[in-house]
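Before any comments, here is the structure.
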Amino acid sequence: MARSKVSGASQVVHKRNFFYYMIYPYVRAFFFRFYSKVEVTGLENIPRNEPVIMAPNHQNATMDALILLFSAPQDIVFLARADIFNNRVMAFFLNSMKMLPVFRQRDGASELGKNVDIFDISVDVLHHRHYLCVMPEGNHGHQRRLRTIVKGIFRIAFKAQEEYGNIPFVKILPVGFDLGHYVKQNQTLLIQYGKPIEMSEYWEQYQENNARGINAMKARLREEMLPLMINIENEEFYETIMELKAIFNPAMREIMGITGAKLIDKFVADKELIVRIDALIEKDPEPIRELAVKVDKYVSGMKEKRIRDWVVRDRGYGMIRSIWRYLSLIVTFPFFLAGFITSAVPYLLPGHLVRNVKDLQFHSSLKAGLGILLLFPLIYLLETLAFGLISGLPWWAWIAFLVALLPLGKAALTWYLRWKKTVRGSWFRRQLRRRKPEAWQMVELRKEIIEQTTQLVS
């Protein structure tokens, strides 16, 4: 292949270079600490040492790519929006991280022709039996639904399959992500790898009619992706369904006979809840409309009182439990203080720096990037240097201090979250004991929502 003139189009993008070897182990070691809990299912479905195109739902900017990179068994080459490759230094860095530019309509009609080189390199990656990731939706969005799948992923797949015809070779692997929250740190993450789709199954149909073959593959991929992700298509009741997912999930698991409380268990219950509500809406939307009014009132009440659903569900914390929690917070306060002093800057500064970024889907990517790649190593190294010079202790004490910083920072975050829960839980129970009407109205409203939803979906 002749050397490409397209900026960022490296023909050897699938090979590791010095920067990849330096950065990959470090980022991998710390990346999943961004989340409170991570579960991965379907790893056995991923073919090893075969040409595979990963096709995940795309709702969280760069984080989606990193989630794949650090959960898959082999390196992955990614196609990313071309505008971030404009700078030569940035293009070199992105190529070092196994990323290629792909041009979209918004980049200009004259730029679209450059995708020919990109597709050729992508085909070469697959012929070397490496993994390739193409976001099939073409862009990211904040709503939890599968958007329109674009054709680029299938053009690359069929082009790589040409040499093999109807003999199995290239595979497309559907992947589903379900995040507790797109923006906040310390949230849950469920990753599901589906069954691979053989391109050879559609080769003859593609040969007879290219468009028909691509459309058939598009329908198949959509069919395989939907079970792996939350897909709420109803616009009118979107927010209602989103809130009910959180409020009604334990009851839904009980209705379905699901005894576990893993992320996959909660996901299965959420999927079934959405299916049943969609069926009810199609039959008669009025009962759901009445339920939506109560859900909206309940959620507004929680926001006003700055509490979460669990506070109302459990009716806060009783006196004995509150005393125990406050005592534990007092005893562990020195650990919080140590962690807060040493980790406040890398934890808090990224959130402050990205707050003016309009696209919320980039917030977690920027916060993780700034924290993991820049602030945590920089601040921790400076603090270790200061500790060593001031204390005069031997080198092994410096290393012990450095190793202790990250667990201390995580402990401080855990302490802070426990303190917030204790304060709000204790406050709500006091409101109930004092017979505050607003608090009891919240309890009764939640009870009505659970009972009404149970009657509707059972």
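The values are calculated or read from the model by the stated rules, or taken from the named source; none is laboratory data. Every value quoted in this text rests on a predicted model; they were computed, and no experiment measured them. Cβ coordinates were reconstructed from backbone atoms using ideal geometry, including for glycine residues, and neighbour counts include every protein chain displayed.
Could you list, in sequence order, the residues of region 12-26 that are part of a loop (DSSP other than H, G, I, E, B) and either in contact with a His (Cβ under 6 Å, 6 or more places away or on another chain) or closer than 30 Å to A411 by Cβ (or both)?
Residue satisfying the conditions is H14 alone.
Please tell me if S322 is within 30 Å of P437 (Cα to Cα) and not in a loop (DSSP other than H, G, I, E, B).
yes
Across region 389-408, what is the number of residues that are exposed (fewer than 14 other Cβ atoms within 10 Å of the Cβ) and either aromatic (F, W, Y) or in contact with a strand residue (DSSP E or B) (Cβ under 8 Å, 6 or more places away or on another chain) (or both)?
2
Could you grab me the full set of residues in region 133-158 that are aliphatic (A, V, I, L, M) and crowded, with 19+ Cβ neighbours inside 10 Å?
V134, M135, L146, I149, I153, I156, A157
Restrict the check to region 241-252 and report whether at least one residue is surrounded by fewer than 17 Cβ atoms within 10 Å (Cβ to Cβ) and more than 15 Å from I450 (Cα to Cα).
Within region 241-252 (the criterion being surrounded by fewer than 17 Cβ atoms within 10 Å (Cβ to Cβ) and more than 15 Å from I450 (Cα to Cα)), the answer is no, since none of the residues qualifies.
Which of the residues spanning region 27-42 are in a helix (DSSP H, G or I) and either touching a residue at least 12 places away in the same chain (Cβ under 8 Å) or among the basic types (K, R) (or both)?
If the condition is that a residue be in a helix (DSSP H, G or I) and either touching a residue at least 12 places away in the same chain (Cβ under 8 Å) or among the basic types (K, R) (or both), then V27, R28, F30, F31, F32, R33, F34 are the ones that fit.
To keep it simple, each residue is scored yes or no on (1) farther than 22 Å from I23 by Cβ; (2) free of Cβ contacts under 8 Å to residues at least 12 places away in the same chain; (3) in a loop (DSSP other than H, G, I, E, B).
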{"position": "S300", "(1), (2), (3)": "yes, yes, no"}
{"position": "I307", "(1), (2), (3)": "yes, no, yes"}
{"position": "R313", "(1), (2), (3)": "yes, no, no"}
{"position": "L329", "(1), (2), (3)": "yes, no, no"}
{"position": "Y347", "(1), (2), (3)": "no, no, no"}
{"position": "L393", "(1), (2), (3)": "yes, yes, yes"}
{"position": "F401", "(1), (2), (3)": "yes, no, no"}
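I'd like to check something: does region 48-59 contain any residue that is outside the structural domain of L417 (by TED's automatic domain parsing) and part of a helix (DSSP H, G or I)?
No, that holds for no residue.
Among residues belonging to region 104-133 that are under 29 Å from H181 (Cβ atoms) and modelled with pLDDT under 90, point out the one that is farthest from the chain's Cα centre (by Cα).
R106
Which one of these does V52 not meet: (1) closer than 20 Å to G371 by Cα; (2) out of contact with any His (no Cβ under 6 Å at 6 or more places or on another chain)?
(1)
Read through the list (1) of a type in the set (K, R); (2) closer than 30 Å to G113 by Cα; (3) part of a loop (DSSP other than H, G, I, E, B), then give the number of the only condition that K195 fails.
K195 satisfies all of (1) of a type in the set (K, R); (2) closer than 30 Å to G113 by Cα; (3) part of a loop (DSSP other than H, G, I, E, B) except (2).
Could you run through region 100-132 and say how many residues are buried (at least 20 other Cβ atoms within 10 Å of the Cβ), aliphatic (A, V, I, L, M) and in a helix (DSSP H, G or I)?
Number of matching residues: 5.
Here is a list: A411, A386. Which entry is surrounded by 15 or more Cβ atoms within 10 Å (Cβ to Cβ) and assigned to a helix (DSSP H, G or I)?
A411
Can you confirm whether region 330-339 contains a residue that is assigned by TED's automatic domain parsing to the domain that holds T422 and under 17 Å from F34 (Cα atoms)?
Yes, that holds for at least one residue.
Name the residues in region 159-192 that are outside any loop (DSSP other than H, G, I, E, B), crowded, with 17+ Cβ neighbours inside 10 Å and within 16 Å of the chain's Cα centre (by Cα), would you?
P174, V175, G176, F177, D178, L179, L189, L190, I191, Q192, listed by residue number.
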